[in-house]
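Beneath this line is the structure, given in structure tokens, with notes to follow.
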Amino acid sequence: MSGALPAVEQRVADALRRAGLGGRVVRIAVDSNGFLTVGALVLTYPAAGPQARAGLESLVGSALRAVFEAVPSLDELDVTVLRSGPRAGGKAGQEPVFTAAVSQREYRSATSAAAEEWVRSLPRTWVAQSVSPFTPPPLRTDPGSSPPPLRSLAERARELPDRVRGFVSGRVVGGVLYRGSPRRRAVALTFDDGPEPLYTPLLLDILDRLGVRATFFLVGRRAEQYPYLARAVVSAGHEVGNHGYRHVSLPGLSEVGLDDELRRAQRAIEQSAGQRPAYLRPPGGRYDRRVVKAASQLDLVTVLWTDGPGDYTGLDPERLKVQLLSRVYSGGILLLHQGTPNTLKVLPEVVSVLRRLGYQVTTVSGLLGR
């Protein structure tokens, strides 16, 4: 159990145990943003081949019924099923083979049909291609070349004039956006990683209540596995960006591997979210001239940030809020993450303070006046 509501998580665990599913549970997490309560459940199943789909759906249906009947206060339950097997032993970290997000209302309106039948009719589900006849092509590699080294001091020195021009002008310089216009009192709110079960729905709800639109840099593989969450980001009026397909260090890839990483992420995000990314956020902020060039060939602007308080490190809310607000200035680009609970806690006050100071909180496109 790993959320912020242990009492509710225990009720979920007890319900699953009574339903005979306790041995399949990897993780239970429940959290709330003060308005919406969402749970995330990770299960295992020995899925193999197309015939496994009915068993997966039956498992998910049984879990949903057990949890929603035991915890009627839960607004939504996000379920992820991992393939268990001799090697993995059902450990978390495996690739999902099935995901679903179900609201309490959707569950209550479900028919009394067999579990696999009503799960199949749910609007927000995903089944891995490994349990269907089609197998996607693997990521391309280039065994004949060695990964280039990370940026040298000489390369950083060559970039310095562009960085200075970018900060002074607030425009895209050399394919990179370092900062928005210093003459406009606006900041871009950006969220990396994800989409994330549990926290992406809570984050979208908070942003909607605040009337704020942001830029979500999505990981391509995650967008494939949780397409309904990627679509929810766009449906809520936000924009999506490219954060790589596997969230790996881009400068360490070969030419072929880099091109495939970005293209595959573009395709996955556009197909899942229904919006083609216009911006790239290199994972970890690691990039070099090859990365910028590859992004430009896909019409992607490489977007960095001016303020990254490190919310993923587990900072307590007060310290996170202070670090975030102490470095804000016109044209700033704020970097936060989707899967961090304390980010949810500080957002309302941070947005309120920024507005009192006269800042417009917007997307990267909004920052650029697009």
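Using C-alpha positions alone, give me the convex hull volume of the stretch 6-131 per residue in cubic angstrom.
Cα-based convex hull of the stretch 6-131, divided per residue, equals 106 Å³.
Give me the mean projected area, in nm² to one decimal, of the convex hull enclosing the Cα positions of the stretch 236-370. Numbers along the way, then the final one.
Working: hull surface 35.1 nm².
Orientation-averaged projected area of the Cα hull: 8.8 nm².
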Next on the checklist: Rounded, prolate or oblate, given the Cα gyration tensor of the chain, with a/c below 1.5 counting as rounded?
Outcome noted: oblate
Checklist outcome for this item: For the stretch 297-309, in residue order, the Karplus 3J(HN,Hα) values (coefficients 6.51, -1.76, 1.60; θ = phi - 60°; whole Hz; Gly and Pro = x) are 5, 9, 6, 9, 8, 7, 10, 9, 8, 9, 9, x, x
Next on the checklist: Spelling out what I want: for every residue of the stretch 51-65, take phi, set θ = phi - 60°, compute 6.51 cos²θ - 1.76 cosθ + 1.60 (Karplus), and round to whole Hz; glycine and proline get x.
Outcome noted: 5, 6, 4, 4, x, 4, 5, 5, 4, 5, x, 5, 5, 4, 4
Checklist outcome for this item: Restricting to Cα pairs under 8 Å and 6 or more apart, the percent relative contact order of the chain works out to 16
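Suppose only helical runs count, i.e. DSSP H with n ≥ 4. What mean residue ellipticity at 222 nm does that imply for the chain under -39500 (n - 2.57) per run, divided by all residues and rounded to the nearest 500 deg cm²/dmol? Walk me through the numbers on the way to the answer.
Numbers: 13 runs with 144 residues, N = 370.
Result for the chain, helices only: -12000 deg cm²/dmol.
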Checklist outcome for this item: Spelling it out for Val173: with amide H atoms placed in the peptide plane at 1.01 Å from N, the residues 5 or more places away or on another chain with amide H under 5 Å from its amide H are Tyr178
Checklist entry - For helix 153-169, what angle does its Cα long axis make with the longest principal axis of the chain, in degrees from 0 to 90 and rounded to 10? => result 90
Next on the checklist: Restricting to bridges with both residues inside the stretch 6-131, how much of the DSSP beta-bridge set is antiparallel, in percent to the nearest 5?
Outcome noted: 70
Checklist entry - By how many degrees, between 0 and 90 and to the nearest 10, does the Cα long axis of helix 6-18 differ from the longest principal axis of the chain? => result 40
Item to check | Within the chain, percent of DSSP bridges classed antiparallel, to nearest 5 | outcome: 40
Item to check | Cβ-based charge dipole, the chain, positive-most Cα from Ala236, Val38, Leu21 | outcome: Ala236
Checklist entry - If amide H atoms are built 1.01 Å from N in the plane of the peptide, which residues on other chains or at least 5 residues away come under 5 Å of the amide H of Gly241? => result Phe216, Phe217, Leu218
Checklist outcome for this item: So the angle from the long Cα axis of helix 199-210 to the longest Cα principal axis of the chain, reported in degrees to the nearest 10, equals 60
Checklist entry - Where the centroid of each part is defined by its Cα atoms, how far is the stretch 325-350 from the stretch 172-205 in Å? => result 10
Checklist outcome for this item: Residue-ordered couplings for the stretch 358-370, obtained by feeding phi - 60° into the Karplus form 6.51 cos²θ - 1.76 cosθ + 1.60 and rounding to whole Hz (Gly and Pro as x), are x, 8, 8, 9, 9, 8, 4, 4, x, 5, 8, x, 8
Checklist entry - How much length, in nm to one decimal, is gained on full extension between Arg355 and Gln51, taken as 0.36 nm per residue of separation minus their Cα-Cα distance? => result 104.0 nm
Next on the checklist: Under 5 Å between amide hydrogens, which residues at least 5 positions from Val26 or on another chain qualify, with H placed 1.01 Å from N in the peptide plane?
Outcome noted: Val42, Leu43, Thr44
Checklist entry - For the pair Arg370 and Asp162, what calculated FRET efficiency results from E = 1/(1 + (r/R0)^6), where r is the Cβ-Cβ distance and R0 = 22 Å, to the nearest 0.05? => result 0.60
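Sort the stretch 298-370 into rounded, prolate or oblate with this rule: let a ≥ b ≥ c be the square roots of the eigenvalues of the Cα gyration tensor; rounded if a/c is under 1.5, and if a/c is not under 1.5, prolate when a/b is larger than b/c, oblate otherwise.
Oblate shape, in that a/c is at least 1.5 and b/c is the bigger or equal ratio.
None of the figures in this text is laboratory data; all of them are computed from the coordinates on show. Please read all numbers here as calculations on a predicted model, not as lab measurements. Counting neighbours? That spans all protein chains shown, and the Cβs are built from the backbone with ideal geometry, glycine included.
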